[in-house]
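Read through the structure below, which is laid out as structure tokens, and then see the notes.
Derivation of every value follows stated rules applied to the coordinates shown; laboratory data play no part. Here the structure is a predicted model, which means the values were calculated and not measured.
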Amino acid sequence: MSTEKAVVGIIMGSQSDWPTMKKAAQILADLQVPFEARIVSAHRTPERLYDYAKSAKDRGLKVIIAGAGGAAHLPGMTASMTQLPVLGVPIATTALGGEDSLLSIVQMPAGVPVGTLAIGEMGATNAGLLAAQILAITDAALLKRLEAHRAARSAAVAESPQDT
Ligand code: RP5
């Protein structure tokens, strides 16, 4: 993890969310975006959530990525206490496959937005990329790294399928 001051905060409701949320961390590390990762539970550590959301902007964070599963209140509650953009990642669940997480996060009533990504690792990766794209609006060097990342992915696509 970078020792530079974090500009992206990755928060998650449980240690069990980390295997998913570490995809967001990985893409941010690849793009050299300083981030921090914390466990902050809306229902188990509500005071930690309050302190985190209220202090985030003053501590220098610019975007928050929040992952949670089940009745996933963490992204919405975080968004209610900060003006920083909050990107929500629905964690896949065993009971309902993550549709519970998705609907809990995406159906925010008008007025307090959460930018909701796909369920699971795809969503976590894209949350990392989207956070970087938001930061790249005012960071030309980061924009170049994003362009290189996308170009490398394009270059990796073969023109014709091969037998494996
Ligand atoms: C949510 O409950 C967490 O975000 C996690 O996805 C889910 C299950 O948590 P654990 O029981 O694994 O701690 O708060």
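A few notes on this one:
- Sorted largest first, extent of the range 2-78 alpha carbons per principal axis (Å): 32, 28, 17
- Number of Lys pairs (Cα under 23 Å; 8 or more positions apart or on different chains) in the chain: 12
- When the helices of the chain are scored as -39500 (n - 2.57) per DSSP H run of n ≥ 4 and the total is divided over every residue, the value at 222 nm lands at -13000 deg cm²/dmol.
- Zero-based 5 Å bins, Cα pair distances in the range 96-147, whole percents: 5, 18, 21, 18, 17, 11, 9, 2, 0
- Gaussian network model of the chain, Cα within-10 Å springs - most flexible of 54, 144, 22: 144
- When the Gaussian network model of the chain links Cα atoms closer than 10 Å, the mean-square fluctuations of 37, 24, 127 top out at 37.
- Degrees, to the nearest 10: 18-30 long Cα axis against longest axis of the chain: 50 degrees
- Amide proton proximity set for residue 67, modelled H, under 5 Å, gap of 5+: 11, 12, 13, 89
- Degrees between helix 140-155 axis and first principal axis of the chain (Cα, 0 to 90, nearest 10): 60 degrees
- In degrees, nearest ten, helix 46-55 long axis to first principal axis of the chain (Cα): 60 degrees
- Taking the Cα atoms of the range 8-155, the ratio Rg/Rh between the radius of gyration and the Kirkwood radius comes to 0.96.
- Comparing mean-square fluctuations of 40, 112, 86 from a GNM of the chain with C-alpha springs under 10 Å, the top value falls on 112.
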